[in-house]
Amino acid sequence: MSGVRMEERVSTIRAELPRIAIRRGPAASTVVYVMARTVVVAGVVVAGFLAYQFGVTSFFATRAQADLGARLAADTGRAVVVPFTAPEFPASPIVVPVDLAPFAIELPGSAPTFVAETPPALGEPVGRITITTAGVDWFFVEGVDRDSLRSGAGHMSGTALPGQPGNAVISGHRTTHGAPFLHLDRVAAGDMITVATASGVHAYQVVDIRLVAPDETWVTGQWEGAWLTLTTCNPVFSARERLVVVARLVAGPNAAAILGAARSGGSA
């Protein structure tokens, strides 16, 4: 085969081969621009989320407080004076030091009065809790579900109401929705907690503060006597643990009946 025909044959083969297109990547300036824009957008989204969580939710929770107070003042049909019979609860798992939580009442010679109270509907106001050392002064509602806690703090349904026999459990947010329990870690043993409900004003004295795992549900159990258990997330901005504050009833309209029954081990 001559050299000319060989070159023609090679040219024909080259023409039949598929063409390979070489695509060049974006310019460095384009890559930097896209990355910068992505960072800015992500920053705006995060900032908006934080503003909503810590600003907007707190605004609405604070605004709801005035409405809850008005509704609580108008709710006068949930409390009634009845004969008292101490319910049968197991002994408290909380060990109370002798020098804490002294009985702040003198038991009367006759049977003391007892004001029974029924819980309101889910999301309705139950009472007002005040803890001076923790800067707490909040109305709280019935329920600890997401919707109920939007107003700040809630009473756990199925547990005793404050001022009633058993263990009243109140949970509250630590950072969002008004952060009612933000400074609950400032509470110390011996501090006083007051809770006003339809049955009156009840005074509790703090006897125990502890950190527990989220699955330690014993803190919401019902115990002999009258107790108040407050729960919130710990540490701040985390739900890794639960900060638990336990207090014992020392004064109020039902203190004489409940504490008297606890002393005697039976009905007052």
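The values are calculated or read from the model by the stated rules, or taken from the named source; none is laboratory data. All values derive from a computational prediction rather than experimental measurement. Quick reminder, even Gly has a Cβ in these numbers, built from the backbone with ideal geometry, and neighbours come from all protein chains shown. Ligands, DNA and RNA are excluded from the accessible area calculation, which covers all protein heavy atoms including side chains. Shrake-Rupley method; radii C 1.70, N 1.55, O 1.52, S 1.80 Å.
Considering every residue within region 52-69, establish whether at least one is open to solvent by 40 Å² or more (accessible area, probe 1.4 Å), in contact with a strand residue (DSSP E or B) (Cβ under 8 Å, 6 or more places away or on another chain), modelled with pLDDT of 80 or more and not hydrophobic (A, V, I, L, M, F, W, C).
There is no residue in region 52-69 that is open to solvent by 40 Å² or more (accessible area, probe 1.4 Å), in contact with a strand residue (DSSP E or B) (Cβ under 8 Å, 6 or more places away or on another chain), modelled with pLDDT of 80 or more and not hydrophobic (A, V, I, L, M, F, W, C).
Do we have any residue at all in region 81-92 that's modelled with pLDDT under 85 and loosely packed, with under 13 Cβ neighbours inside 10 Å?
The answer is no, given that none of the residues of region 81-92 is modelled with pLDDT under 85 and loosely packed, with under 13 Cβ neighbours inside 10 Å.
Select the strands (runs of 3 or more DSSP E) contained entirely in region 136-197, then report the ones holding at least 1 residues which are surrounded by fewer than 18 Cβ atoms within 10 Å (Cβ to Cβ).
Numbers: elements: 136-142, 153-155, 166-172, 192-197.
Qualifying strands (runs of 3 or more DSSP E): 136-142, 192-197.
Conditions first: (1) within 26 Å of Pro125 (Cα to Cα); (2) open to solvent by 40 Å² or more (accessible area, probe 1.4 Å). Leu211 passes all but one, so which condition is the exception?
All conditions pass for Leu211, except number (1).
Got at least one residue in region 249-263 being farther than 23 Å from Arg78 by Cα and either in a strand (DSSP E or B) or touching an Asp or Glu at 6+ places or on another chain (Cβ under 7 Å) (or both)?
Within region 249-263, one or more residues are farther than 23 Å from Arg78 by Cα and either in a strand (DSSP E or B) or touching an Asp or Glu at 6+ places or on another chain (Cβ under 7 Å) (or both).
Restricting to region 227-239, and then to whatever is in contact (Cβ under 8 Å) with a residue 12 or more places away in the chain and assigned to a loop (DSSP other than H, G, I, E, B), can you tell me which residue is nearest to Val136 (Cα to Cα)? Write out each step before concluding.
First pass over region 227-239, keeping only residues in contact (Cβ under 8 Å) with a residue 12 or more places away in the chain: 227-234, 236-237, 239.
Still in the running and assigned to a loop (DSSP other than H, G, I, E, B): 236-237, 239.
Working: Val236: 16, Phe237: 19, Ala239: 20 Å.
The extreme case among them is Val236.
When the residues of region 111-133 are narrowed to those that are surrounded by fewer than 22 Cβ atoms within 10 Å (Cβ to Cβ) and of a type in the set (A, V, I, L, M), which ends up farthest from Asp185 (Cα to Cα)?
Ala111
Filter region 214-226 for residues that are out of contact with any Pro (no Cβ under 9 Å at 6 or more places or on another chain) and either among the basic types (Lys, Arg) or assigned to a loop (DSSP other than H, G, I, E, B) (or both); which is surrounded by the fewest Cβ atoms within 10 Å (Cβ to Cβ)?
Looking at residues that are out of contact with any Pro (no Cβ under 9 Å at 6 or more places or on another chain) and either among the basic types (Lys, Arg) or assigned to a loop (DSSP other than H, G, I, E, B) (or both), I get Asp215.
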